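> First the structure, then my questions, so here it is.
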Amino acid sequence: MYSEKVMEHFKNPRNVGEIENADGVGEVGNAACGDIMKLTIKVENNAIADVKFKTFGCGAAIATSSMVTELVKGKSLDEAEKISNATVAEALDGLPPVKMHCSNLAADALHAAIENYKKKK
Amino acid sequence: MKGIYMDHNATTPVHPEVMEAMLPFFSEHFGNPSSIHWAGREVKKGVETARETVASFLKCDPKEIVFTGGGSEGDNLAIKGICEAYKDKGNHIITTKVEHPAVLNTCEYMEKQGFQVTYLPVDMDGMINLDDLKNAITEKTILITVMFANNETGTIFPIAEIGKIAKERKILFHTDAVQAAGKLHLDVNALNIDLLSISAHKLYGPKGIGALYVRKGVKIKPLIHGGGQERNRRAGTENVTGIVGIGKACEIAMRDMDAESERLLRLRERLHKGLTQKIEHVKLNGHPTMRLNNTLNVSFEYVEGESLLLNLDMDGVAASSGSACSSGSLEPSHVLTAMGLPHEVAHGSVRFSLGRSNTEADIDKIIEIMPPVVARLRAMSPLYGKSLNPVERTAAVCHH
Ligand SMILES: Cc1ncc(COP(=O)(O)O)c(C=O)c1O
Ligand code: FES
């Protein structure tokens, strides 16, 4: 049911963990299924220097979490803010229709982390 | 790699003896059992022999057996057929919150037809309270439908006591015995059951065939109208190969059940013990003692069930989960929710349901592969361990 790319990220998720003294933290709960993702970022020169995630969720949730960290690492905050759930799903060669909502988790955690960073500043 | 199948409550493979019994009825004995000529007669005999076997399996008269297209049809026929036939007497049904969708959704449908339904709650072990049942009965109650054993947790309900209450209050009693058949002794008279549904594919028979026991004297309106087959209770030329298959499956169950059930209990206890010894925060879902011998439903707290299943599948282990994420419905299992499990615990549930193919080596393999999988997922879980960066959680929005 999942694409090869989803399974690959699920098996070898990138950037798992939590950054100590992170500059921005986003923790979101999925309204549809209740799964949870926490994303921490390190910001340098207005760009995402480092990013890590922790996710309690299904295979798609873990794969999208992993993918979003790959997509944003090194990107400027402006570029990162433009990343949507559709971007993440596309980067994984798509998700099954019932699993589209899972990608909200990754995009929203990212946006929440950036917002948190901006508020702190 | 040989896979390990631990999902026998979902379905079972057809037993070789069952298949052997069915084969001649595909082309050698092909007649229509309603035909009076030789070709029909020999097939009719096969159907009636199967009916006798199923009847002795349930300890009833062969005339009380209606062959159906499976467990769901049996449940539908029982509930709709009784409501329709007895609607002059009342419009109230009592069931539980933890029934299979074949019963739950049928009851909800009956609500739309003007019936009232009481859904009895369950406690933390998934058990109903008989006082709740007694208190729910009104003058309008025409049917109690409570499953024999739950498919997700294996919890066995007090069927004998319910049967007694129903009989005293002169209310018809149906039980969905789809999970109990082949695992527990069934005796419709001793237990005061008026209707009971079973499905062949849960006891090493083929899919798409089941049987409904209807006590003599109980009126039932058919779902399917047509020819006079099944004593006018289920029209259509019989699923002969299926019927022969369910007969053989019941015969084998009667022969092997006691020994097999004991073997599975030993294996299941070994699995449960092994998992709880090697992994922290493992919680049993279901009744500690009143439970099917083959079923182990456990929650691995702080991790999500679909992720666990995907990992198990990569190691060749087939199991199932009550997690929302694996069902496509997004709702966590209605059974675990009714038992009051917190969301994260219900999401982390895995059901191992054992059967004939399982060996001690299978159990030991699972005990070996499970701990690193759980550890890996827990390391990834924001719910596990101490947070380095506490922050308030926000709700994700739906963008579509
Ligand atoms: C308790 C219970 N009732 C009914 C059914 C439905 O049976 P069938 O698949 O034969 O329609 C099942 C199996 O999924 C079950 O476990
Ligand atoms: S994130 Fe919950 S189902 Fe995928």
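> Name the residues in region A:32-51 that are free of Cβ contacts under 8 Å to residues at least 24 places away in the same chain and part of a loop (DSSP other than H, G, I, E, B), would you?
Across region A:32-51, the qualifying residues are A:G34, A:N45.
> Okay, next question. Just one of (1) under 17 Å from B:I209 (Cα atoms); (2) without any contact (Cβ under 8 Å) to a residue 60 or more places away in the chain trips up B:W38, so point out which.
(1)
> Taking region B:96-114 as the search range and keeping residues that are of a type in the set (D, E, K, R) and open to solvent by 50 Å² or more (accessible area, probe 1.4 Å), which one is nearest to ligand 1 (Cβ to nearest atom)? If you could, list the steps in order and put the result at the bottom.
First, the residues of region B:96-114 that are of a type in the set (D, E, K, R): B:97, B:99, B:108, B:111-112.
Then drop every residue that is not open to solvent by 50 Å² or more (accessible area, probe 1.4 Å), which leaves B:97, B:108, B:111-112.
On the way: B:K97: 14, B:E108: 15, B:E111: 19, B:K112: 21 Å.
My answer is B:K97.
> So, one more: Quick check: is even one residue across region B:207-219 away from ligand 1 (no atom under 16 Å from the Cβ), assigned to a loop (DSSP other than H, G, I, E, B) and either crowded, with 24+ Cβ neighbours inside 10 Å or free of Cβ contacts under 8 Å to residues at least 40 places away in the same chain (or both)?
yes
> Here's something else I'd like to know. Restricting attention to region A:71-121, which residues are away from chain B (no Cβ under 14 Å) and of a type in the set (A, V, I, L, M, F, W, C)?
A:L71, A:V72, A:L77, A:A80, A:A91, A:L92
> Also, quick follow-up: So B:E238 passes all but one of these: (1) under 20 Å from the mean Cα position of the chain (by Cα); (2) assigned to a loop (DSSP other than H, G, I, E, B); (3) over 23 Å from B:T145 (Cα atoms). Which condition number does it fail?
So the condition that B:E238 fails would be (1).
> How do the pairs read when you match residues in region B:131-155 that are touching a residue at least 12 places away in the same chain (Cβ under 8 Å) with residues anywhere that are within 16 Å of ligand 2 (Cβ to nearest atom), using Cβ under 8 Å and keeping only pairs 6 or more apart or on different chains?
Matching pairs, first to second residue: B:E152/B:G322; B:E152/B:S333; B:E152/B:L336; B:T153/B:L336.
> B:K167 fails exactly one of the following numbered conditions: (1) in contact with a helix residue (DSSP H, G or I) (Cβ under 9 Å, 6 or more places away or on another chain); (2) farther than 30 Å from B:F30 by Cβ. What is the number of that condition?
For B:K167, the failing item is (1).
> Residues in region B:104-115: is at least one of a type in the set (F, W, Y) and within 15 Å of B:A338 (Cβ to Cβ)?
Scanning region B:104-115 turns up no residue that is of a type in the set (F, W, Y) and within 15 Å of B:A338 (Cβ to Cβ).
> Next question. Within region B:279-306, track down each residue that is within 16 Å of ligand 1 (Cβ to nearest atom) and of a type in the set (S, T, Y).
Result: B:T295, single match.
> One residue is enough: does region B:161-177 have a residue meeting the conditions farther than 18 Å from B:V214 by Cβ and touching a residue at least 60 places away in the same chain (Cβ under 8 Å)?
No - not one qualifying residue is present in region B:161-177.
> What's the number of the condition A:H111 fails, among (1) assigned to a helix (DSSP H, G or I); (2) open to solvent by less than 30 Å² (accessible area, probe 1.4 Å); (3) at pLDDT 90 or above?
(2)
> Just to be sure, is A:V68 more than 16 Å from ligand 1 (Cβ to nearest atom), within 11 Å of the chain's Cα centre (by Cα) and more than 8 Å from every other protein chain (Cβ to nearest Cβ)?
Numbers: more than 16 Å from ligand 1 (Cβ to nearest atom): yes; within 11 Å of the chain's Cα centre (by Cα): yes; more than 8 Å from every other protein chain (Cβ to nearest Cβ): yes.
The answer is yes for A:V68.
> For A:D23, work out the one condition from (1) open to solvent by 10 Å² or more (accessible area, probe 1.4 Å); (2) under 25 Å from B:S307 (Cβ atoms) it doesn't fulfil.
If we test A:D23 against (1) open to solvent by 10 Å² or more (accessible area, probe 1.4 Å); (2) under 25 Å from B:S307 (Cβ atoms), just (2) comes out false.
> Quick check: anything in region B:139-154 over 30 Å from B:T49 (Cβ atoms) and open to solvent by 60 Å² or more (accessible area, probe 1.4 Å)?
Within region B:139-154, one or more residues are over 30 Å from B:T49 (Cβ atoms) and open to solvent by 60 Å² or more (accessible area, probe 1.4 Å).
The values are calculated or read from the model by the stated rules, or taken from the named source; none is laboratory data. Predicted model only: the values in this text are computed from it and were never measured. As a convention, Cβ positions derive from the backbone with ideal geometry for all residues, glycine included, and neighbour counts pool all protein chains shown. In case anyone asks, the SASA skips ligands and DNA or RNA and just uses the protein heavy atoms, side chains included. Shrake-Rupley method; radii C 1.70, N 1.55, O 1.52, S 1.80 Å.
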